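Below is one structure, written out as structure tokens; comments come after it.
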Number of protein chains: 2
Amino acid sequence: MTTSPQQDSRNRTEVVVLEEVPGVRITRDFDAPVERVFRAWTDPDQFRRWIGPRDLDTAIEHWEARTGGSWRYAARRHGEEIARFYGSFHEVRPNERLVQTFTWEGAPDGVSLEVLTLEDLGNGRTRTVGLSVLQSFEERDAMIASGMETGVVEGFEKLDELLTEG
Amino acid sequence: MTTSPQQDSRNRTEVVVLEEVPGVRITRDFDAPVERVFRAWTDPDQFRRWIGPRDLDTAIEHWEARTGGSWRYAARRHGEEIARFYGSFHEVRPNERLVQTFTWEGAPDGVSLEVLTLEDLGNGRTRTVGLSVLQSFEERDAMIASGMETGVVEGFEKLDELLTEG
């Protein structure tokens, strides 16, 4: 379970480090309809505005959010590139499901398979459940140790702000 | 470990159902250099000639074997389509490593992440190790129960024949 500090909100980010499989499950509710949340995950101009921790910016280098497409972006701090990531869009099922691969170029043999499902909670609210599974527990634990959780929690807070903008 | 009948050969297919992660590891040696084996995995006209069990044919519908590319093919028995599969090429690292996603359209929520590594054994021989990891043990066990192993063993025997042709 998450221990990171989070803003006061009814929408908290739950990070569960799985015991049975080498993965992490991240659950988060948003005060926006499914279509709106899905667009924030698949439109590159929206995605770059919220992904990652607050002290980093994202520069999209390639983005083709369709089944069989791929993506690549860099993370920058004060304009200086500090990390690059890339992967594929295995499946883009609008407003329901997004399946991607993910590699940080600093560990080029590590690959995560990420399945995001979106659930309509009614009243214009949406639950997202993200399941990331790696090839070994060592890789999973290294991902946790990298400070991933802070980036996820802060990113979702930025996403709240973006969704509020309308 | 594999129990399927296999042709008399020094190159046997070892199928290990993993205990720790929801995956399968398949190891196989081939009497051909790394470059030749890699081409048989990435060239669609070669790949379709050996993939799958002996009683099926493969019709490639889409094939873009590059990092960020994707693929799609159908399996046919006596000309009749019986299954379709699709996925992405997350990474194509020539003669070393191939990372793909894999979905059988009959179970569209199931996704396997497949990492193939090629090792030069010297004397014109190559070892391939394929690690397939799914999102749950249930999905992994369903994949085993589907008769996957027969297809793998027979496919590699067809690949032996293709490699012998030169």
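Starting from the Cα gyration tensor of the range B:55-113, take the square roots of the eigenvalues, sort them a ≥ b ≥ c, and report rounded, prolate or oblate (rounded when a/c is under 1.5, otherwise prolate if a/b is larger than b/c, else oblate).
Working: a/c = 2.55, a/b = 1.65, b/c = 1.55.
Prolate is the answer for the range B:55-113, as a/c is 1.5 or above and a/b outweighs b/c.
Would you mind pulling out the separation of the Cα centroids of the range B:4-72 and the range A:131-150, in Å?
Distance between centres, Cα-based: 28 Å.
Which listed residue (A:Pro94, A:Leu131, A:Gly106) has the Cα farthest towards the positive end of the charge dipole for chain A, taking +1 on Lys and Arg C-beta and -1 on Asp and Glu C-beta about the Cα centre?
Of the listed residues, the answer is A:Pro94.
Quick one: with label points 7 Å out along Cα→Cβ, list the inter-copy distances for B:Asp45 in nm, shortest first?
Its label point is 4.4 nm from the equivalent points in the other copies.
Using Cα pairs closer than 8 Å and at least 6 residues apart in sequence, work out the relative contact order for chain B, in percent. Don't skip to the answer; put the middle values down first.
Details: 346 pairs, mean separation 43.3, N = 166.
Taking the mean separation of contacting Cα pairs over the length of chain B, I get 26 percent.
Can you list, shortest first in nanometers, how far A:Arg10 lies from the same residue in the other copies, with each label 7 Å from Cα toward Cβ?
So the label point of A:Arg10 gives 7.1 nm to the other copies.
How long are the semi-axes of the equivalent ellipsoid of the range A:105-163, taking √(5λ) for every eigenvalue λ of the Cα gyration tensor, in whole Å from largest down?
Values: eigenvalues 145, 43, 15 Å².
After scaling each eigenvalue by five and taking roots: 27, 15, 9 Å.
Under a Cβ-Cβ cut-off of 9 Å, what is the net charge of the residues other than B:Leu131 that fall near it, where Lys and Arg count +1 and Asp and Glu count -1?
0
Within 12 Å, Cβ to Cβ, of A:Asp29, how many net charges do the neighbouring residues add up to if Lys/Arg are +1 and Asp/Glu are -1? The partial results should precede the final answer.
Working: positive: A:Arg10, A:Arg12, A:Arg28, A:Arg125, A:Arg127; negative: A:Glu14, A:Asp31, A:Glu119, A:Asp120, A:Asp160.
Local net charge: 0.
For A:Glu96, A:Glu138, A:Glu149, A:Glu19, what's the largest-to-smallest order of accessible area, 1.4 Å probe?
Sorted by accessible area, descending: A:Glu19, A:Glu138, A:Glu96, A:Glu149.
Which order do you get for B:Thr126, B:Thr67 if you rank them by accessible area with a 1.4 Å probe, largest at the top?
Values: B:Thr126 0, B:Thr67 50 Å².
In descending accessible area the options line up as B:Thr67, B:Thr126.
Using a 1.4 Å probe and counting only protein heavy atoms, arrange B:His62, A:His90, A:His78 so the residue with the most accessible area comes first. Kindly include the intermediate steps, with their values, before the conclusion.
Values: B:His62 75, A:His90 0, A:His78 175 Å².
Ranked list, largest accessible area first: A:His78, B:His62, A:His90.
Quick one: Karplus J couplings for the range B:149-157, per residue in order, coefficients 6.51, -1.76, 1.60, θ = phi - 60°, nearest Hz, x for Gly and Pro?
5, 4, x, 5, 4, 5, x, 5, 5
Given points 7 Å out from each Cα along the Cα-Cβ axis, report the B:Glu64 to B:Asn95 separation in nanometres with one decimal.
2.6
Mind grabbing the base-10 log of I(q)/I(0) for chain B at q = 0.08, 0.12, 0.15, 0.18 Å⁻¹? Debye formula, identical points on the C-alpha positions, no solvent, two decimal places.
Reported log10 I(q)/I(0), two decimals: -0.22, -0.51, -0.83, -1.28.
Quantify, in whole percent, the carbon and sulfur part of the accessible surface of the protein assembly as shown (1.4 Å probe; protein heavy atoms only). Before the final figure, lay out each step's value.
Numbers: 7580 of 15780 Å².
Reported share for carbon and sulfur atoms: 48 percent.
Regarding the protein assembly as shown, what whole-number volume in Å³ per residue does the convex hull of its Cα atoms give?
On the way: hull volume 47.9 nm³, N = 332.
Looking at the protein assembly as shown, the number lands at 144 Å³ per residue.
Assume the label is 7 Å from Cα along Cα to beta carbon: what separations in nm does A:Ala107 have to the matching positions in the other copies?
Distances to the matching label points in the other copies: 2.8 nm.
On average, how many beta carbons from a partner chain sit within 10 Å of the beta carbon of a residue in A:82-91? The partial results should precede the final answer.
Working: counts 0, 0, 0, 0, 4, 7, 12, 4, 11, 8.
Rounded to a whole number, the mean comes out at 5.
The values are calculated or read from the model by the stated rules, or taken from the named source; none is laboratory data. Everything numeric here is computed off the predicted structure, so don't read it as measured data. FYI the Cβ positions are ideal-geometry reconstructions off the backbone, even for glycines, and counts take in every protein chain you see. In case anyone asks, the SASA skips ligands and DNA or RNA and just uses the protein heavy atoms, side chains included. Shrake-Rupley method; radii C 1.70, N 1.55, O 1.52, S 1.80 Å.
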